[in-house]
Amino acid sequence: MDTRVEKKKLSLRERYHLMTRGLGWEPTYQPTEKVFPFTAYEGIKIHDWDKWEDPFRLTMDAYWKYQGEKEKKLYAVIDAFAQNNGFLSLTDARYLNAIKIFIQGVTPLEYYAHRGFAFAGRHFRGEGLRVACQMQSLDELRHTQTELHSISVYNKFFNGFHNPLHWFDRVWYLSVPKSFFEDANSSGPFEFLTAISFSFEYVLTNLLFVPFMSGAAYNGDLSTVTFGFSAQSDESRHMTLGIECIKFMLEQDPDNVPIVQRWIDKWFWRGYRVLTLVGMMMDYMLPKRVMSWREAWEIYGEQNGGALFQDLGRYGIREPAGFRDACDGKDHISHQAWLTFYTYDPVAAFHTWVPSDAELDWLSAKYPESFDRYYRPRLLYLREQQAAGTPVANKNLPLLCNVCQIPMFFTEPGDPRRICYRESVYEGERYHFCSDHCKSIFDHEPEKYVQSWLPVHQIYQGNCFKPGTDPTAPGFDPIKAVLDYYEINNGRDNLWYDNSEDRRNFEAWTAEARGN
Ligand code: FE
Ligand code: ZN
């Protein structure tokens, strides 16, 4: 009889190593630079790819099992919510306009992230990094799907939900998130990770997820809350990828420090600008509010962000160039954005409104330094005009910042009565910017940003009409023609909440559900 030999059980670390690092090899038929053409051209120097450690040590089989279980729970809740007409217990149908912005402007970014991480996973060396990118790529595809499924329940009952992907590629305000992500996806793999994994996910993501998901919970949207929980556990992996990647680059070579710093300056500012939409949503769009944008910025931006950059000081990294100006904006950006959207609501696929008196008081309390002085009078004027049957609609198209693509409504740091304008001339053409930081992003890479697809320019050039439209025809209405090209149903998806079909329906349905 043979002696039984006890098989040595592999440690978690050894097992992970075999299932990940063992998958890489040195190419022999082709030179390495040809197989991995993007690892060097950004100027980042890596001496030892194996120094990349993935703290989660998740293998693919465990990943599928874990995600599959989460999926089962999520779909059980979504089904129950739909079958019980869960939307009837929302605080108010105004809330859904925040979710419209989410599905129009955020969900498509999840898909871009899916593609971006697939690209990064393909083009990095170092198996630890490649596996982490591959898993995140899968996570992001799953986020796209689960968001579409969680939110689709509302499409049956409300306007503004039926065409988000078509809108994402065309509608003016959606070019802000779209260009943000396309500019990241069209950079190299290291810059992409600095932009998305670090600047957005590690530094700024709490400002997106916490308000949206707590907002959903506060306002009775169980469907979106459950999606949020399901995505949150992926988020911790994504944030870790962000910080690990930064540390990896900084530890590999001191020459990487200035490159990484420039990327952090740029992507912090781009991410912050995109979050203007979230600020507006927190302060104006949630019938039951979670916290103000200012409070959220103080916790997640000033305190957490401040501590993080202090920590990165030992690598020679300082806080992002726009950090002080972002802090200065905390009293203003949400109000400025809401006022702009209100006056452009005829061309937006969601509704806006003037807050109620109680809500105006809440804003005064949250913004003691700015609200009563600069913003309440303007909102009261809008209310007055609306009551008189002449709601203020802006018929002129705004000048856009050539980098962040936001209309030029931001004010000078320290002077909220003066619009901030900057410009640069490049090859004889003049370009406009909303801030010093957008200008310096442009000045460093003009070739990239002269190509920006600016919605307003495109409209004026006649590129936003359906084929066959004749702008010289008598009685031609350019706004109607653009809405037609956008496929926004005029009078249903757009305009102000007070007279909307959404409001009429919601009030009728809830009255019926709550009455006898
Ligand atoms: Fe995601
Ligand atoms: Zn800008």
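The values are calculated or read from the model by the stated rules, or taken from the named source; none is laboratory data. Not measured: the values here are computed from a predicted model. Backbone-built Cβ (ideal geometry, glycine too); neighbour counts: all protein chains shown.
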Item checked: In region 130-186, residue nearest to ligand 2 (Cβ to nearest atom) [restricted to those that are touching a Lys or Arg at 6+ places or on another chain (Cβ under 6 Å) and farther than 22 Å from GLY116 by Cα] -> GLY160
Check: What tally of residues in region 238-260 results from selecting those that are within 15 Å of ligand 1 (Cβ to nearest atom) and crowded, with 19+ Cβ neighbours inside 10 Å?
Finding: 3
Margin query: For GLY301, only one of the following conditions fails: (1) buried (at least 22 other Cβ atoms within 10 Å of the Cβ); (2) modelled with pLDDT of 95 or more; (3) part of a helix (DSSP H, G or I). What is its number?
Written below: (2)
Next item on the list: Scan region 125-141 and give yes if some residue there is more than 16 Å from ligand 1 (Cβ to nearest atom), outside any helix (DSSP H, G or I) and either more than 29 Å from ALA216 (Cβ to Cβ) or among the β-branched types (Val, Ile, Thr) (or both), otherwise no.
Entry: yes
Notebook entry, point to check: In region 142-171, which residues are within 16 Å of ligand 1 (Cβ to nearest atom), more than 17 Å from the chain's Cα centre (by Cα) and surrounded by fewer than 19 Cβ atoms within 10 Å (Cβ to Cβ)?
Noted result: HIS149
Notebook entry, point to check: Could you list, in sequence order, the residues of region 489-509 that are part of a helix (DSSP H, G or I) and either among the hydrophobic types (A, V, I, L, M, F, W, C) or within 20 Å of ASN163 (Cβ to Cβ) (or both)?
Noted result: TYR497, GLU501, ASP502, ASN505, PHE506, ALA508, TRP509
Next item on the list: For region 77-94, name all the residues that are within 30 Å of SER334 (Cβ to Cβ) and buried (at least 20 other Cβ atoms within 10 Å of the Cβ).
Entry: PHE81, PHE87, LEU90, ALA93, ARG94
Next item on the list: Specify which of the listed residues (GLU42, GLU6, GLU71, GLU26) is of a type in the set (D, E, K, R), surrounded by 11 or more Cβ atoms within 10 Å (Cβ to Cβ) and either without any contact (Cβ under 8 Å) to a residue 40 or more places away in the chain or in a helix (DSSP H, G or I) (or both).
Entry: GLU71
Note to self: If I filter region 208-241 down to residues being in contact (Cβ under 8 Å) with a residue 60 or more places away in the chain and more than 30 Å from ALA80 (Cβ to Cβ), which single residue comes out as farthest from ligand 2 (Cβ to nearest atom)?
What the structure shows: THR240
Check: Which one of PRO254, PRO258 is part of a loop (DSSP other than H, G, I, E, B), more than 16 Å from ligand 2 (Cβ to nearest atom) and farther than 30 Å from LEU90 by Cβ?
Finding: PRO254
Check: Would you say ARG324 is assigned to a helix (DSSP H, G or I) and farther than 21 Å from PHE180 by Cβ?
Finding: yes
Next item on the list: Consider SER197 carefully, then state whether it is buried (at least 19 other Cβ atoms within 10 Å of the Cβ) and under 29 Å from LYS100 (Cβ atoms).
Entry: yes
Checklist line | Cβ pairs under 6 Å, 6+ apart, first in region 110-124 and in contact (Cβ under 8 Å) with a residue 40 or more places away in the chain, second acidic (Asp, Glu) and surrounded by 20 or more Cβ atoms within 10 Å (Cβ to Cβ) | finding: ALA113/GLU140
Note to self: All but one of (1) out of contact with any strand residue (DSSP E or B) (no Cβ under 6 Å at 6 or more places or on another chain); (2) within 30 Å of SER370 (Cβ to Cβ) hold for ASP493; state the number of the condition that does not hold.
What the structure shows: (2)
Check: Taking the stated definitions as given, is PRO407 of a type outside the set (S, T, N, Q) and either surrounded by fewer than 16 Cβ atoms within 10 Å (Cβ to Cβ) or more than 11 Å from ligand 2 (Cβ to nearest atom) (or both)?
Finding: no
Next item on the list: Would you point out the residue of region 449-487, among those that are over 29 Å from the mean Cα position of the chain (by Cα) and surrounded by 13 or more Cβ atoms within 10 Å (Cβ to Cβ), that is modelled with the highest pLDDT?
Entry: THR469
